[in-house]
Each structure stands twice: as structure tokens, then as C-alpha cells.
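A short write-up of the structure that comes next.
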Amino acid sequence: MKNIYVGNLVYSATEQEVEELFSQFGAVSSVKLILDRETKRPKGFGFVEMEDEDALKAISTLDNTDFMGRTIRVTEANPRK
């Protein structure tokens, strides 16, 4: 299982829309968009969890592509310290 970092998302993007984008590459186990603790508004990035092979395909295909009008960054997430 790989954790994928998705950055530069439009603030209006929903977890459902991000899941639909990634599900073209395989089963998505989870989508977590990060919210600001105080304002509860989206911070414009999140994480998607997928099986390794599907994740690698999604990363190589989606990085630097347009999603809802913004160029998203898609990379393998660094493990939490």
C-alpha cells in the first residue's frame, strides 16, 4: 500500500472528486484532504492511498496535469517522522 501526496488542489475539490480521478488507475483505499484546524477550510492538498502498482501509475500519469483548472503535484508521500 502506498500513500500518495496530492498538492495544489483547488479548494473546492472534494474527496469524492479526488477519488474519482485516482480510481481510473485502480482501487482507492482512502482519500484524506487536509483542512486548516482553525478555519476548517481546505488547505489545497491531501493524501490518497492505493496499492503499490496502481499508485505508481497514478503518480507518473497525474503529476503536473490539470485537475479542475489547476496543475496538481502528485508524488509519493514521505513517511511521517
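The values are calculated or read from the model by the stated rules, or taken from the named source; none is laboratory data. All of these numbers come straight from a predicted model, not from anything done at the bench. Neighbour counts are summed over all protein chains in view; Cβ atoms, including those assigned to glycine, are modelled from backbone coordinates with ideal geometry. Ligands, DNA and RNA are excluded from the accessible area calculation, which covers all protein heavy atoms including side chains. Shrake-Rupley method; radii C 1.70, N 1.55, O 1.52, S 1.80 Å.
Below are the figures for this structure:
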read-out	value
Ranked packing of 50-60, 35-45, most packed first, by mean Cβ within 10 Å	50-60, 35-45
Percentage relative contact order, the chain, counting C-alpha pairs under 8 Å, at least six apart	42 percent
Computed accessible area, Tyr11, all protein chains, 1.4 angstrom probe, square angstrom	130 Å²
Options Ile4, Leu33, Ser23, ranked by Cα towards positive dipole end of segment 1-63, top entry (Cβ charges)	Leu33
Angle between the chain longest axis and helix 52-62 axis [Cα atoms, degrees, rounded to 10]	60 degrees
Cβ charges +1 (Lys, Arg) and -1 (Asp, Glu), total dipole of the chain, debye	500 debye
